[in-house]
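Engineer: For reference, the structure I am asking about is given below.
The values are calculated or read from the model by the stated rules, or taken from the named source; none is laboratory data. No experiment lies behind these values; they were computed from the predicted model shown. Cβ: placed from backbone, ideal geometry, glycine included. Neighbour counts: every protein chain shown.
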Amino acid sequence: MDETRDLSNDGQRRVEATPAAEALIEELKAVHGPLLFHQSGGCCDGSAPMCYPVGDFKIGRYDVKLGEVAGCPVYIGGQQFERWKHTRLIIDAVPGRGAGFSLEAPTGQRFLTRSALLDGEEPACPT
Amino acid sequence: MAYARPNTDGSLVQYKSRYANYIGGEWIAPAKGNYFENITPVTGQPFCEIPRSTHEDIDRALDAAHGARRAWGKTSPADRAGILNAIADRLEAHLEKFAVSETWDNGKAIRETLNADLPLTIDHFRYFAGAIRAQEGGLSQLDDNTVAYHFNEPLGVVGQIIPWNFPLLMAAWKLAPALAAGNCVVLKPAEQTPATILLFAELVGDLLPPGVLNIVNGFGVEAGKPLASSNRIAKVAFTGETTTGRLIMQYASENLIPVTLELGGKSPNIFFSDVMARDDAFRSKALEGFTMFALNQGEVCTCPSRALVQADIFDAFMSLAVERTKAIKMGDPLDPSTMMGAQASNDQLEKILSYLDIGRKEGAEVLTGGKRAELGGDLDGGYYVEPTIFVGQNKMRVFQEEIFGPVVSVAPFDDLDDALSIGNDTLYGLGAGVWSRDGNTAYRVGRAIEAGRVWTNCYHLYPAHAAFGGYKQSGIGRENHRMMLRHYQQTKNLLVSYDPEPMGFF
């Protein structure tokens, strides 16, 4: 399989954005044009959704498209997807500073990924 | 008795109200004249202004670095070592001041900056001062007439992007080997924690020829990107996370330059049954090793954020581990009795809270902690999280993604193979810990864990003479150790014939 997997229409709502995130996305689009998100992992600003102009970040063969928020595609690395696939990503915006090269850093807000279990998912470990 | 807060009477640290960039040995205002407020996570209040630089400032710093690089690259190793030692001496003479600044800028407890960040930073400069003098090239006699000489040459001008968790120490990790090897540097501090590295430039700038060290502040997208994507750097070094790591490699590929990347981990800390065999100093050391997840508020790339405990001791060990964790004293980070301080930023706080939320939703059990800490007074404006222990299983998100907070996720294992299977079931491979009284067990596990460093019967030691870096998605290359010099050097081979006769082909 040589093409990025697209799960936009697989029957699961895998990603959504809060009104605060949608407002910030519109603000950034007005300045930078079409945008995309790539969910980061690892340390420092890891776990943050990174926002870039379309074309700036090269989407790879193993990335997975989770869906779109405010017209922007949202991707995650394939291996990371395997470990996150039972959860829905909820992109929010909070006051903050900096996240790699993500476009929103200078605005004083940053995107943040909150998460919920996908519909129908049982907790991994019953309490 | 707490250290006086910076910018108050009697404090060791008096910040300027506004800083400039350090370029070519001078303090230069950002080209566009824009600044941003630098906030202390201790109270959430701003305390100085930092340049919001752009590509014009990066270009100016690159001009300065290129102007200096030929002369600097030809200085003798002894001269460069002398400068690095002088940097270390001056920093040591101002250790307390820099510890206070680092605590104020980052939020970490002063006992850590006094006893870890600063001493390690100082030693790092001394280590590479020694390493560069001891480094040798190579000479190979290929046959009676032919010799291959291998020289180590500096790369030239390098770009370095520094993280916010150990702002000065991580800068030293990158600067010391780069400068020792004869490179000029353009360095971008993290926008969350730029202050102490600017005090560093004020303190030691005069020891280096102008242009050898250049510091340009600003946001990643506005200053980091023009640096990382510039065709005037010979290498880029970055510590951060995976998506930005990919982007930096992508930019580097456009210019065909090397990268070193350190991108984090989800380090397993593995405790075998025999840890509990006796109630002695070793058991106490192992419990301290468990509690190391709270060091630096968990904002360490090698945070032991997964603890794997052998099933037959699980309840007994965890009961002691919870007790040890509950004894962590939170409070004013400038108070030397405080054991854990503030998270570095509001967004970091929010991210940690979002993980506490998904951990619960996935059914992980909270043994202690699990929420924001309210410490009273103006500390309520700061970013504090209770040390938190989750018990769950390795497929949960809190076991799979670096939270970068004082949060450990604990699971039991049955035997050595099970410990390895769980321990290696992660995207990352930066660090690991193994605890056992049996040397054979510790050795076997240490060799089989897919991680760049396996602390064995210890954790969170960072000596300059031990290589640090990741397997798998944790990064590329190593830091620390003499070998780091090679990440900042080009190899020049002179292939010399001492044979007066032609080869005979033509």
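Engineer: Answer yes or no as to whether B:GLN343 is part of a loop (DSSP other than H, G, I, E, B) and more than 25 Å from B:TRP164 (Cα to Cα).
Structural biologist: No.
Engineer: Just checking, which of A:LEU35, A:LEU118 is more than 10 Å from chain B (Cβ to nearest Cβ) and within 26 Å of B:LEU356 (Cβ to Cβ)?
Structural biologist: A:LEU118
Engineer: Give the residue, chosen from B:ASP378, B:ASP335, that is part of a loop (DSSP other than H, G, I, E, B), farther than 20 Å from B:GLY264 by Cβ and in contact (Cβ under 8 Å) with a residue 12 or more places away in the chain.
Structural biologist: Residue meeting the stated conditions: B:ASP335.
Engineer: Just to be sure, is B:VAL275 surrounded by 19 or more Cβ atoms within 10 Å (Cβ to Cβ), under 24 Å from B:ILE215 (Cα atoms) and more than 15 Å from the chain's Cα centre (by Cα)?
Structural biologist: No, not satisfied.
Engineer: Ok, one more. Within region B:169-188, is there a residue that is modelled with pLDDT of 95 or more and within 9 Å of chain A (Cβ to nearest Cβ)?
Structural biologist: no
Engineer: Something else about it: Taking the conditions exactly as written (hydrophobic (A, V, I, L, M, F, W, C) and more than 30 Å from B:SER497 (Cβ to Cβ)), does B:LEU155 satisfy them or not?
Structural biologist: no
Engineer: Checking A:VAL74 against (1) hydrophobic (A, V, I, L, M, F, W, C); (2) touching a His at 6+ places or on another chain (Cβ under 9 Å); (3) within 9 Å of another protein chain (Cβ to nearest Cβ), which single condition isn't satisfied?
Structural biologist: For A:VAL74, the exception is condition (3).
Engineer: Residues of region B:430-465 being assigned to a loop (DSSP other than H, G, I, E, B) and closer than 17 Å to B:VAL300 by Cα, which ones?
Structural biologist: Across region B:430-465, the qualifying residues are B:LEU430, B:ALA451, B:GLY452, B:CYS458, B:TYR459, B:HIS460, B:LEU461, B:TYR462, B:PRO463, B:ALA464.
Engineer: Within region B:127-149, work out how many residues are surrounded by 14 or more Cβ atoms within 10 Å (Cβ to Cβ) and either among the aromatic types (Phe, Trp, Tyr) or assigned to a strand (DSSP E or B) (or both).
Structural biologist: Matching residues across region B:127-149 total 3.
Engineer: Looking at B:GLU202, B:GLU191, which one is buried (at least 24 other Cβ atoms within 10 Å of the Cβ) and of a type in the set (D, E, K, R)?
Structural biologist: Testing whether each residue is buried (at least 24 other Cβ atoms within 10 Å of the Cβ) and of a type in the set (D, E, K, R) leaves just B:GLU191.
Engineer: Looking only at region B:203-254, how many residues end up being without any contact (Cβ under 8 Å) to a residue 40 or more places away in the chain and of a type in the set (Phe, Trp, Tyr)?
Structural biologist: Number of matching residues: 1.
Engineer: If a residue has to be of a type in the set (S, T, N, Q) and either out of contact with any helix residue (DSSP H, G or I) (no Cβ under 7 Å at 6 or more places or on another chain) or part of a strand (DSSP E or B) (or both) to count, how many in region B:150-193 make the cut?
Structural biologist: 3
Engineer: I'd like to check which helices (runs of 4 or more DSSP H) are fully inside region B:26-126 and have at least 2 residues that are closer than 23 Å to B:PHE166 by Cβ and among the polar types (S, T, N, Q).
Structural biologist: By residue number, B:95-106.
Engineer: For the condition away from chain A (no Cβ under 14 Å) and part of a loop (DSSP other than H, G, I, E, B), what is the one hit in B:ARG278, B:ARG283?
Structural biologist: None of the other options fit; the residue is B:ARG278.
Engineer: Mind checking which residues of region B:203-245 are among the charged types (D, E, K, R) and under 19 Å from the mean Cα position of the chain (by Cα)?
Structural biologist: Selection gives B:LYS235, B:GLU241.
Engineer: Are any residues in region B:313-361 over 17 Å from B:ALA294 (Cα atoms), touching a helix residue (DSSP H, G or I) at 6+ places or on another chain (Cβ under 6 Å) and within 14 Å of another protein chain (Cβ to nearest Cβ), and if so, which ones?
Structural biologist: B:ILE358, B:GLY359 - these are the residues of region B:313-361 that are over 17 Å from B:ALA294 (Cα atoms), touching a helix residue (DSSP H, G or I) at 6+ places or on another chain (Cβ under 6 Å) and within 14 Å of another protein chain (Cβ to nearest Cβ).
Engineer: Find all pairs meeting these conditions: Cβ atoms under 6 angstrom apart; at least six residues apart or on different chains; first residue within region B:449-478 and more than 14 Å from every other protein chain (Cβ to nearest Cβ) and polar (S, T, N, Q); second residue outside any loop (DSSP other than H, G, I, E, B) and surrounded by fewer than 24 Cβ atoms within 10 Å (Cβ to Cβ).
Structural biologist: Taking only residues 6 or more apart or on different chains, the pairs are B:THR456/B:ALA442; B:THR456/B:GLY446.
Engineer: Looking at (1) free of Cβ contacts under 8 Å to residues at least 24 places away in the same chain; (2) in a loop (DSSP other than H, G, I, E, B); (3) out of contact with any Asp or Glu (no Cβ under 7 Å at 6 or more places or on another chain); (4) not aliphatic (A, V, I, L, M), can you tell me which one B:GLY370 breaks?
Structural biologist: The one condition B:GLY370 does not meet is (3).
Engineer: Specify the residue that is farthest from the other protein chains (Cβ to nearest Cβ); the eligible residues are those in region B:15-51 that are closer than 12 Å to B:VAL216 by Cβ and touching a residue at least 40 places away in the same chain (Cβ under 8 Å).
Structural biologist: Filtering region B:15-51 for residues that are closer than 12 Å to B:VAL216 by Cβ and touching a residue at least 40 places away in the same chain (Cβ under 8 Å), the one farthest from the other protein chains (Cβ to nearest Cβ) comes out as B:GLY24.
Engineer: While we're here: Residue by residue through region B:1-23, note down the ones that are in contact with a strand residue (DSSP E or B) (Cβ under 7 Å, 6 or more places away or on another chain) and part of a loop (DSSP other than H, G, I, E, B).
Structural biologist: Those that are in contact with a strand residue (DSSP E or B) (Cβ under 7 Å, 6 or more places away or on another chain) and part of a loop (DSSP other than H, G, I, E, B): B:PRO6, B:ASN7, B:TYR15, B:LYS16, B:SER17, B:TYR19, B:ALA20.
Engineer: Just name the residue that is farthest from the other protein chains (Cβ to nearest Cβ) out of those in region A:94-106 that are more than 16 Å from B:GLY224 (Cα to Cα) and over 16 Å from the mean Cα position of the chain (by Cα).
Structural biologist: So, considering only residues that are more than 16 Å from B:GLY224 (Cα to Cα) and over 16 Å from the mean Cα position of the chain (by Cα), the one farthest from the other protein chains (Cβ to nearest Cβ) is A:PRO95.
Engineer: Take residues that are among the charged types (D, E, K, R) and at pLDDT 95 or above and tell me which of the strands (runs of 3 or more DSSP E) falling wholly in region A:21-72 contain 2 or more.
Structural biologist: Counting at least 2 such residues, we get A:64-69.
Engineer: When you look at B:PHE293, is it aromatic (Phe, Trp, Tyr), within 30 Å of B:LEU367 (Cβ to Cβ) and either outside any strand (DSSP E or B) or within 14 Å of chain A (Cβ to nearest Cβ) (or both), yes or no?
Structural biologist: yes
Engineer: Quick check: anything in region B:104-111 surrounded by 24 or more Cβ atoms within 10 Å (Cβ to Cβ), in contact with a Ser or Thr (Cβ under 6 Å, 6 or more places away or on another chain) and free of Cβ contacts under 8 Å to residues at least 40 places away in the same chain?
Structural biologist: no
Engineer: Within region B:416-425, restricting attention to residues that are surrounded by fewer than 24 Cβ atoms within 10 Å (Cβ to Cβ) and in contact (Cβ under 8 Å) with a residue 12 or more places away in the chain, which residue is nearest to the other protein chains (Cβ to nearest Cβ)?
Structural biologist: B:ASP425
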